[in-house]
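I have placed the structure first, in the form of structure tokens, so that the comments after it can refer back to it.
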Amino acid sequence: MPAELDFTFSDLVGGYVQQARGDTFTLRTFGGQTVTVRLTETTSAQWLRNLGQPYRDETGRCRELLRPGVLVFSYGPVYPDGDGLRHQADRLVFVGDDEALREMETSGWWTAQLRELATFYRRAQFGDGPVDFTHYRTVIGATGHKNGERVQEADTISRMVYGMASAYTLTGHDDFLDVAESGARYLHDHLRFAEDDLVYWYHGTETRDGTERKLFGSEFGDDYQAIPAYEQIYALVGLSQTYRLTGDPLIRGDLEGTVRLFERHFADPALGGWYSHVHPVSLSPHDQALGHNRSRKNWNSVGDHAPAYLFNLYLATGEERYLRMLEHVFDMIAVHLPDRAEGGSPFVFERFHADWTPDLDWGWQRNRAVVGHNLKIAWNLTRMHALLPKPEYRKLADRIAGTMPALGRDPRRGGWYDLLQRTAGPDGRHDFVWHDRKAWWQQEQAVLAYLILAGNRSGEGSAEYLTHAREAASFYNAFFLDHDEGAVYFTVLAQGIPYLMGNERLKGSHAMAMYHKAELCYLAEVYSRLLVHREPLDLWFRPRGDAAYPDGLLRVAPDALPPGRVSLEEVRIDGAPWADFDPRAMTVRLPKTAGPVTVRARLRPHHA
């Protein structure tokens, strides 16, 4: 008699088909193990699909598609089988072979996904009618509905503005940029506080009985009644992207005023970097009332300047002062964040005292590692190395990229984990802090880190980086896209099942708006097309007649790209050919007009 099962569970396994025979096939998992999967008469199969694409059933062709080299995910019951486990396929998701993966990366997959995201958030906030940001709400339910909560947070508005501006530059769809410009103006009129030459951003506003109440200090638990640097930083994320496309002088003034705020009240002129919080009255980072946030620095207050707004501000202006600020950001990262102790952690430090001594007792973080932050550092160091090559930038990026797959990636199922212990236990494992769930934004960091590394490096390492990027993108596209209600899930279980509890079931919250998912689509399209596969890419801009660009030049480089790898091939203004541009500098001399013009720029990559 067979042994009675004392437990049952279902699980996911992902990898590459090695062989298929009869009712079984073997997979080589992402971590290199071999797993045998059994098909049954009820196994269903489908092809990976993008947002907006119809379901594509492949059940009838299941065995035909199980060819060697095909990437596939299998979910179903798992049984003890001797000393191992036996996997039974309830459903399969086919991603494809190398050619199918390449086609996904060059067919406008990410542009199409961003168009769907922008349509979802536009409709969720404003319906199909006029855009009125007085109706904007931070909290959006799983179906795109509003729940009556009345707070408008500056950061989430700015994140939506970023997403809409990015959707415009890839699609040329005017309505998306109209939303972005409307949101940028609303931030200026309702959530901005100016004093002398400084600009501050309110945490948010709350309207009750027709009265608008400003929330100056943060309402979020970790930062309660303080002004956290990251909220001021992320208030700029949509403004900087919209400024690149329009040159709006009002936005430029707000960007520059906030940068002055960082330099005057958050910066540490003696030891470098920026403090994480200042007090809302004294504007001091050393005020006793800040409690555990007093005299602290962290990854967000130092590193997040770069991806949130500073790269885009430099790309839009070409000004040396912003390049120097970027250099300071990455010098601080390269010097202070790595753990250089003998036998130290492969993960970076993230919290610091004023003198840069690591703070291993702060709040929830303690001596814990956020996987996505490590990947984000590798991604952004690689961007910076393209602008200002330094061996320490490249060395740290390669070190992180080389160590993270064995630490933060799920080797059997795919996808990237959230929070781990920085220090390994006696068995050498970096244990989960709370759970083994996977958050959407951490998948973004993996895709972008390994895509840009694949595009910037050459030789054998480039192929390995591209494999990591493809596997991360496959897991994200297979399990994070909500084909029923739209947009993207906040979190999935390790097995890829959506986690729909508490705030993590929302499509809009303090922690989630439109930024990370839009940034993924925008930059994955840029890196895949221009750097990895070296195919042309069209981008749209709509500079105003009074555009405040230095020297009157529209700069169309989509990101910090390696010198000489991409040039500007063709420009059209309002549909007509335009010859006044610099191919190597990727700048366009704009015509003098009273109103806005539409600029389509075609970028052409070159071989490394």
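Which of the strands (runs of 3 or more DSSP E) found entirely inside the range 177-219 contain at least 1 residues meeting this: under 26 Å from G247 (Cα atoms)?
Values: elements: 192-195, 198-201, 204-208, 211-215.
Correct list: 192-195, 198-201, 204-208.
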Worksheet item: Restricting to the range 290-310, what's the tally of residues that are without any contact (Cβ under 8 Å) to a residue 40 or more places away in the chain, part of a helix (DSSP H, G or I) and open to solvent by 10 Å² or more (accessible area, probe 1.4 Å)?
Response: 1
Worksheet item: Among the numbered criteria (1) open to solvent by 30 Å² or more (accessible area, probe 1.4 Å); (2) in contact (Cβ under 8 Å) with a residue 24 or more places away in the chain, which single criterion is violated by S107?
Response: (2)
Worksheet, complete the sentence: Selection from the range 440-461 of residues closer than 25 Å to D11 by Cβ and surrounded by fewer than 24 Cβ atoms within 10 Å (Cβ to Cβ) yields W440, W441
Fill in: Failed condition for D97, given (1) over 28 Å from V526 (Cβ atoms); (2) open to solvent by less than 80 Å² (accessible area, probe 1.4 Å); (3) free of Cβ contacts under 8 Å to residues at least 40 places away in the same chain
(1)
Worksheet item: In the range 425-439, what residues are open to solvent by less than 40 Å² (accessible area, probe 1.4 Å) and either on the phi > 0 side of the Ramachandran plot or without any contact (Cβ under 8 Å) to a residue 24 or more places away in the chain (or both)?
Response: G425
Practice prompt. Tell me, yes or no, whether the range 462-474 has at least one residue that is surrounded by 22 or more Cβ atoms within 10 Å (Cβ to Cβ) and part of a loop (DSSP other than H, G, I, E, B).
Written response: no
Worksheet, complete the sentence: The residue that is nearest to the chain's Cα centre (by Cα), considering only those in the range 127-152 that are within 13 Å of M514 (Cβ to Cβ) and not β-branched (V, I, T), is G144
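G363 - would you say it is surrounded by fewer than 23 Cβ atoms within 10 Å (Cβ to Cβ), farther than 29 Å from V78 by Cα and more than 20 Å from the chain's Cα centre (by Cα)? Before you say what the answer is, go through the steps one by one.
Numbers: surrounded by fewer than 23 Cβ atoms within 10 Å (Cβ to Cβ): yes; farther than 29 Å from V78 by Cα: yes; more than 20 Å from the chain's Cα centre (by Cα): yes.
Here the answer is yes, as G363 does meet what is asked.
Can you find a residue in the range 248-259 that is farther than 29 Å from A369 by Cα, of a type in the set (V, I, T) and either part of a helix (DSSP H, G or I) or at pLDDT 95 or above (or both)? Full working, then the answer.
First, pick out the residues of the range 248-259 that are farther than 29 Å from A369 by Cα: 248-258.
Still in the list and also of a type in the set (V, I, T): 251, 258.
Going one step further and asking which of them are either part of a helix (DSSP H, G or I) or at pLDDT 95 or above (or both), we end up with 251, 258.
Yes, some residue in the range 248-259 is farther than 29 Å from A369 by Cα, of a type in the set (V, I, T) and either part of a helix (DSSP H, G or I) or at pLDDT 95 or above (or both).
Taking the range 146-175 only, how many residues are touching a residue at least 60 places away in the same chain (Cβ under 8 Å) and either among the hydroxyl-bearing types (S, T, Y) or over 19 Å from R213 (Cβ atoms) (or both)? So that I can check it myself, show each step before the final result.
From the range 146-175, those touching a residue at least 60 places away in the same chain (Cβ under 8 Å) are 151, 153-172, 174; that's our starting set.
Now narrow it down to the ones that are either among the hydroxyl-bearing types (S, T, Y) or over 19 Å from R213 (Cβ atoms) (or both): 156, 158-172, 174.
Residues flagged as touching a residue at least 60 places away in the same chain (Cβ under 8 Å) and either among the hydroxyl-bearing types (S, T, Y) or over 19 Å from R213 (Cβ atoms) (or both) within the range 146-175 amount to 17.
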Discussion item. Could you check the range 120-159 and list, in sequence order, the residues that are in a loop (DSSP other than H, G, I, E, B) and acidic (D, E)?
Written reply: D128, D132, E149
Worksheet item: What is the number of the single condition among (1) at positive phi; (2) touching a helix residue (DSSP H, G or I) at 6+ places or on another chain (Cβ under 6 Å) that S295 does not meet?
Response: (2)
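Suppose the filter is open to solvent by less than 20 Å² (accessible area, probe 1.4 Å), touching a helix residue (DSSP H, G or I) at 6+ places or on another chain (Cβ under 9 Å) and at pLDDT 95 or above; does L117 pass it?
In short, yes.
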Practice prompt. Among the candidates R572, R529, R534, R565, single out the residue that is closer than 15 Å to L603 by Cα, over 25 Å from the mean Cα position of the chain (by Cα) and of a type outside the set (V, I, T).
Written response: R572
Discussion item. Please go through the range 166-194 and give me each residue that is open to solvent by less than 40 Å² (accessible area, probe 1.4 Å) and over 17 Å from D132 (Cα atoms), ordered by number.
Written reply: S166, A167, Y168, T169, L170, T171, G172
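Name the residue, out of L117, L92, L85, that is hydrophobic (A, V, I, L, M, F, W, C) and part of a helix (DSSP H, G or I).
Working: L92 fails: part of a helix (DSSP H, G or I); L85 fails: part of a helix (DSSP H, G or I).
Just one listed residue meets the conditions, L117.
Identify, from the list L323, L315, L310, the residue that is under 30 Å from D551 (Cβ atoms), touching a strand residue (DSSP E or B) at 6+ places or on another chain (Cβ under 7 Å) and not basic (K, R). Steps first, please.
Numbers: L323 fails: touching a strand residue (DSSP E or B) at 6+ places or on another chain (Cβ under 7 Å); L310 fails: touching a strand residue (DSSP E or B) at 6+ places or on another chain (Cβ under 7 Å).
None of the others qualify; the one that does is L315.
Being farther than 21 Å from V302 by Cα and surrounded by fewer than 22 Cβ atoms within 10 Å (Cβ to Cβ) is true for just one of A406, A386. Which residue is that? Break it down into steps so the answer makes sense when it comes.
Working: A386 fails: farther than 21 Å from V302 by Cα.
Among A406, A386, only A406 is farther than 21 Å from V302 by Cα and surrounded by fewer than 22 Cβ atoms within 10 Å (Cβ to Cβ).
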Worksheet item: For residues in the range 268-292 being in contact with a helix residue (DSSP H, G or I) (Cβ under 9 Å, 6 or more places away or on another chain) and of a type in the set (G, A, S), which is nearest to A316 (Cα to Cα)?
Response: G273
Discussion item. What's the number of the only condition in (1) outside any helix (DSSP H, G or I); (2) at negative phi that A449 fails to meet?
Written reply: (1)
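The values are calculated or read from the model by the stated rules, or taken from the named source; none is laboratory data. Quick caveat: nothing in here was measured; it's all calculated off a predicted structure. Cβ atoms come from the backbone with ideal geometry, glycine included; neighbour counts cover every protein chain shown. Keep in mind that these areas ignore ligands, DNA and RNA; they rest on the heavy atoms of the full protein, side chains included. Shrake-Rupley method; radii C 1.70, N 1.55, O 1.52, S 1.80 Å.
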